[in-house]
Amino acid sequence: MRILVTGAAGFIASHISDAYINLGNEVAVLDDLSRGRRQNLNPEARFYEGDIRDRAFIQHVFSEFKPQAVNHHAAQMDVRRGVREPVFDVEVNVLGSLNLLEAVVAHKVQRFIYISTAGAAYGEPKQLPVPEDYAINPITPYGISKHTVEHYLFTYRHLYGLSYAVLRYGNVYGPRQSSQGEAGVFAIFTEQIMSGTQPVIYGDGRKTRDYVYIEDVVAANVAVLDKGEGQIFNIASGQPTTDLEVFGLVANLLGQPSLQPRYTSIRPGEIQDIYLDISKAKRYLEWSPTISIAEGASRTVESFQQAAQLATPRS
């Protein structure tokens, strides 16, 4: 199968393009390198450098590569930037996605996999764990823009027979994660401790998130190539983890169990507590997370240590 993966110079989608290639698929990557890294690109993938907001560029990619499936990860994914620049947020996340959908329809692409968001879409939930049919009440422009595309997918299925599936991620972590990326707390704590900087926690440390390791996310993206027609799935661990628990895991792995974080005010637009109901993905995708947070933390910290060693000049 020929699969176009958008955003695959970034953390999550680069792992997914690797997996698709390892399964024998022909993969093309579309990325503007604004946040992604060229070293994340799989050398076996065809690379198109450009912006999803550029309609002519998108049409060129589809005409040349002729994808049979599209996995759409490219996004403006910084919640705080979305608050500061809501128009830019819409231009990338909504209009950019529509450019892809128009090309998908025009070129009769067989499958569209859309990566949405869980926490930013559900808002501050009153029910835990949160199922996919919970009321959508975004409290940030980012949450609004990501969820809006889900409505377009439903409509395009009705109008044009679009075959699609939506994955709403929890907080993904693992090797290649950037401390500059959204939800990169594992990367942030690791880099801060390794550099001798006192890590910062926004709030009192009891804020909870649902962390899911990259290997499990990749498995879900493989499963939806041919499962979950027209459906939305939470992809997460199904368990809450506090900021302090993540900090403790990282500090222990780096040999600093007595290290204390610095606390500061919580940031606008941040949800206090969320974890997700993943029973639907288990049922329809035959998918379940397999990597515990302890194992995932160990692998993640080790990857940062290895990267630091490679970056250190030898005398």
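Each value in this text was obtained by applying a stated rule to the coordinates, not by laboratory testing. Bear in mind that the values here come from a model prediction, so they are computed numbers and not experimental data. Note: ideal-geometry Cβ built from the backbone for every residue, glycine included; neighbour counts use all protein chains shown.
Among Thr300, Ile21, Gln127, whose Cα lies farthest out toward the positive end of the dipole of the chain, if unit charges sit on the beta carbon of Lys, Arg (+1) and Asp, Glu (-1)?
Ile21
What helices does the chain hold that run 18 Å or longer along their axis, going by alpha-carbon atoms, with a Kyte-Doolittle average of -1.0 or more, using DSSP H for the helix calls? Working shown, then result.
Numbers: long enough: 141-160 (28 Å, -0.59); 293-311 (27 Å, -0.02).
TM-like helix candidates: 141-160, 293-311.
To check you understand DSSP bridge types, tell me what percent of the beta bridges within the chain (both residues inside) are antiparallel, rounded to 5.
Restricted to the chain, the bridges split so that about 5 percent are antiparallel.
Quote the FRET efficiency, to the nearest 0.05, computed for Thr197 versus Ala135 with a Förster distance R0 of 41 Å and r equal to the Cβ-Cβ distance.
On the way: r = 40 Å, r/R0 = 0.96.
It comes out at approximately 0.55.
According to a simple spin-label model (label point 7 Å from Cα along Cα-to-Cβ), what is the distance in nm between Arg2 and Asp204?
In this crude spin-label approximation the distance works out to 5.7 nm.
Given charges of +1 on the Cβ of Lys and Arg and -1 on the Cβ of Asp and Glu, with all other atoms neutral, how large is the dipole of the chain about its Cα centre, in debye to the nearest 20? The partial results should precede the final answer.
On the way: 29 positive and 34 negative charges, 28 e Å.
In debye, rounded to 20, the chain gives about 140.
Of the DSSP beta bridges with both residues in the stretch 133-243, give the percent that are antiparallel, rounding to the nearest 5. If you can, show how the numbers build up before the last one.
Numbers: 2 of 10 bridges.
Of all bridge pairs located within the stretch 133-243, approximately 20 percent are antiparallel.
Using a 7 Å offset from the Cα along the Cα-to-Cβ direction at both Lys108 and Val83, what is the distance between the two label points in nm, to one decimal?
Result: 4.8 nm between the two label points.
In cubic angstrom, how much convex hull volume per residue do the alpha carbon atoms of the chain span? Provide the component values of the computation, followed by the final result.
Values: hull volume 41.8 nm³, N = 315.
Given the Cα convex hull of the chain, per-residue volume reads 133 Å³.
Could you work out the local net charge near Ser237, counting Lys and Arg as +1, Asp and Glu as -1, over the other residues with Cβ closer than 15 Å to its Cβ? Don't skip to the answer; put the middle values down first.
Working: positive: Arg168, Arg209, Lys280, Lys282, Arg299; negative: Asp210, Glu215, Asp216, Glu245, Asp273, Asp277, Glu295.
Taking every other residue near Ser237 into account, the sum is -2.
Just grab the label-to-label distance for Asp226 and Gln59, each label 7 Å out from Cα along the Cβ direction, in nm (one decimal).
For the pair Asp226/Gln59, the computed spacing is 3.4 nm.
Please give the FRET efficiency for Lys66 paired with Arg38, using the beta carbon to beta carbon distance and R0 = 25 Å, rounded to the nearest 0.05.
Working: r = 25 Å, r/R0 = 0.99.
After rounding, the FRET efficiency stands at 0.50.
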